[in-house]
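Worksheet: the structure to be examined is printed underneath.
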Amino acid sequence: MFGLFKRNPTKKLQQDYERKLQAAMEASRNGDMRANATLTEEAEAILTEINRLKAEEG
C-alpha cells in the first residue's frame, strides 16, 4: 500500500543524465573539451545505473 508513495529512482537519474548531457554539449560549444569529456563520462555512469535499476525491476 505504501509503495504507492515511493519515489521512482530511475526518474531522478534520468533527469540527472539529461542535465549532464546538456552541460557536456554546452561545454563542447564553448570549446572546453576536457569538461565535455568529464561530463560525458559522468552521464554514461548515470546511464549504466539507470540500466541496472531497470534490469532489477523487470
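The values are calculated or read from the model by the stated rules, or taken from the named source; none is laboratory data. Being a predicted model, the structure only gives us computed values, none of them experimental. Because the Cβ atoms are built from the backbone with ideal geometry, glycine has one as well, and the counts that use them run over all protein chains shown. What goes into the accessible areas is simple: the full protein's heavy atoms, side chains included, and nothing from ligands, DNA or RNA. Shrake-Rupley method; radii C 1.70, N 1.55, O 1.52, S 1.80 Å.
The helix-based estimate of mean residue ellipticity at 222 nm for the chain, built from -39,500 (n - 2.57) per DSSP H run of four or more residues and divided by its residue count, is -28000 deg cm²/dmol to the nearest 500.
About its Cα centre, the dipole of the chain is roughly 260 debye, where the only charges are +1 on Lys and Arg Cβ and -1 on Asp and Glu Cβ. On the accessible surface of the chain, probed at 1.4 Å, how many percent belong to carbon and sulfur atoms? Percent of accessible area from carbon and sulfur atoms in the chain: 54. Residue by residue, region 13-30 carries 3J(HN,Hα) couplings of 5, 5, 5, 4, 4, 5, 5, 5, 5, 4, 5, 5, 5, 5, 5, 5, 4, 7 Hz when phi is fed to the Karplus relation 6.51 cos²θ - 1.76 cosθ + 1.60 (θ = phi - 60°); x denotes Gly or Pro. Size descriptors for the chain (Cα atoms only): Rg and Dmax, in that order, 14.4, 51 Å.
Per-residue packing, averaged as other Cβ atoms within 10 Å, sorts the ranges 19-32, 45-58 into the order 19-32, 45-58, beginning with the highest.
When the Cα positions of LEU47, THR10, ALA24 are compared along the charge dipole of the chain, THR10 comes out farthest toward the positive end, with charges on each C-beta of Lys, Arg, Asp and Glu.
Protein heavy-atom accessible surface, 1.4 Å probe, per residue over the chain: 84 Å².
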